[in-house]
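Here's the structure, in structure tokens; my notes come after.
The values are calculated or read from the model by the stated rules, or taken from the named source; none is laboratory data. Source: prediction; values computed, not measured. Cβ sites come from the backbone with ideal geometry, for glycine too, and all protein chains shown count toward neighbours. Just the protein is used for accessible areas: all its heavy atoms, side chains included, with ligands, DNA and RNA removed. Shrake-Rupley method; radii C 1.70, N 1.55, O 1.52, S 1.80 Å.
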Amino acid sequence: NSTEEWRPFNKTSVYMSDLESALHYSLRVELSGHITISGDDLTALKKYIHVLAKYFPGRPSVKSALKIVDNWLQLQNGTEIRYSSLRDVLDNAVQTSDAVLPDGVQWVGCQGSQAQYRRYPCAVWKLFHVLTVQAKEIGSTDPQEVLQAMRGYVSSFFGCRPCAEHFESMALESMDHVTSLSAAVLWLWSRHNRVNNRLAGELSEDPDFPKIQWPSPELCPSCHGVKRTGEHHWNQEQVLTFLRNYFSSDHILMDYLQ
Ligand code: FAD
């Protein structure tokens, strides 16, 4: 809301407060629009929570909370669940142990210059990048695991429906071709840049955060190269190194946490 105080932040860092806010928003706000969850949506939810429980590089209390929700969901063998039951687990079972899922949002690196800009969609991108990088660091056995979980979440629950349709068409086109954890990190990066390219100059763009082909040459000089023809090209090896560093759990800032 507009009375919220501006939190000064470093534009080139990832903040845990944004990632936790994304968890809260996806689990308590977006899902709450579904009274019951069944079929493909239930499968998508189980995969999404499972991936979060495995790879979210959070505080121990938040990781425990995600594990409790994951264990509970995996035990639900029926064809549908009620959102209210999931909400009970989130609010009660979780809070009685050492596990906590923060309530409410506190955007930091995803603050916009006005209330309609950035926030949740920005934090979703950051969360997804962090998850692909974590899967690479920890060594998932399946390069598709995180990508398909994100795909299912977006398709079933992401509130911005045109976004979901665009994302699904990119997934249909090439997500299945990803066969390594590094390729998964780069797939998401390059698709995010495609979205940036499409949205640059649109009304939804925050003037203080222009959509660019990211990372900029200032942020990662070695990521950029020039071909003999004079055309720009990405040095993908450098980009991968950069992403693994930028989104690594060691570099997430813990300022402003509730
Ligand atoms: P975002 O694009 O949200 O990026 C957040 C941060 O990630 C940036 O500040 C930067 O630090 C970093 N970043 C930027 N580019 C990259 C990259 N290539 N790789 C890694 N990190 C990067 N909006 C629409 O209007 N139409 C759509 O079709 C649409 N589709 C979307 C699909 C998905 C899956 C998501 C999550 C969002 C979508 N959005 C769409 C929202 C839009 O992409 C932005 O999230 C929103 O406009 C807020 O922009 P932002 O300036 O915060 O930067």
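Considering only residues in the range 190-210 that are among the acidic types (D, E) and open to solvent by 40 Å² or more (accessible area, probe 1.4 Å), the one that is farthest from the ligand (Cβ to nearest atom) turns out to be D208. When you go through S222, S216 one by one, which is the residue that is under 21 Å from T132 (Cβ atoms) and not in a loop (DSSP other than H, G, I, E, B)? Among S222, S216, only S222 is under 21 Å from T132 (Cβ atoms) and not in a loop (DSSP other than H, G, I, E, B). For residues in the range 97-136 being out of contact with any Asp or Glu (no Cβ under 6 Å at 6 or more places or on another chain) and at positive phi, which is surrounded by the most Cβ atoms within 10 Å (Cβ to Cβ)? Going through the qualifying residues, I end up with R119.
Only a single criterion out of (1) surrounded by 19 or more Cβ atoms within 10 Å (Cβ to Cβ); (2) in a helix (DSSP H, G or I) is not satisfied by P57, namely (2).
A171 - would you say it is of a type in the set (A, V, I, L, M), open to solvent by less than 60 Å² (accessible area, probe 1.4 Å), away from the ligand (no atom under 12 Å from the Cβ) and assigned to a helix (DSSP H, G or I)?
Numbers: of a type in the set (A, V, I, L, M): yes; open to solvent by less than 60 Å² (accessible area, probe 1.4 Å): yes; away from the ligand (no atom under 12 Å from the Cβ): no; assigned to a helix (DSSP H, G or I): yes.
Judged against the criteria, A171 is not a match.
Scanning the range 226-258 for residues that are out of contact with any Asp or Glu (no Cβ under 8 Å at 6 or more places or on another chain), touching a residue at least 40 places away in the same chain (Cβ under 8 Å) and part of a helix (DSSP H, G or I) turns up Q236, V239, L240, L243, Y246, H251.
Taking each residue of the range 208-225 that is without any contact (Cβ under 8 Å) to a residue 24 or more places away in the chain and closer than 19 Å to N10 by Cα and looking for partners that are open to solvent by less than 60 Å² (accessible area, probe 1.4 Å) and of a type in the set (D, E, K, R) with beta-carbon atoms closer than 8 Å, six or more apart or interchain, yields K211/E205. Residue pairs whose Cβ atoms lie under 7 Å apart, separated by 6 or more positions or on different chains, with the first residue in the range 16-42 and under 14 Å from V154 (Cα atoms) and the second surrounded by fewer than 20 Cβ atoms within 10 Å (Cβ to Cβ) and small (G, A, S), are E30/G159. Can you tell me which of (1) over 22 Å from G104 (Cβ atoms); (2) surrounded by 15 or more Cβ atoms within 10 Å (Cβ to Cβ) is the one T79 doesn't meet? T79 satisfies all of (1) over 22 Å from G104 (Cβ atoms); (2) surrounded by 15 or more Cβ atoms within 10 Å (Cβ to Cβ) except (2).
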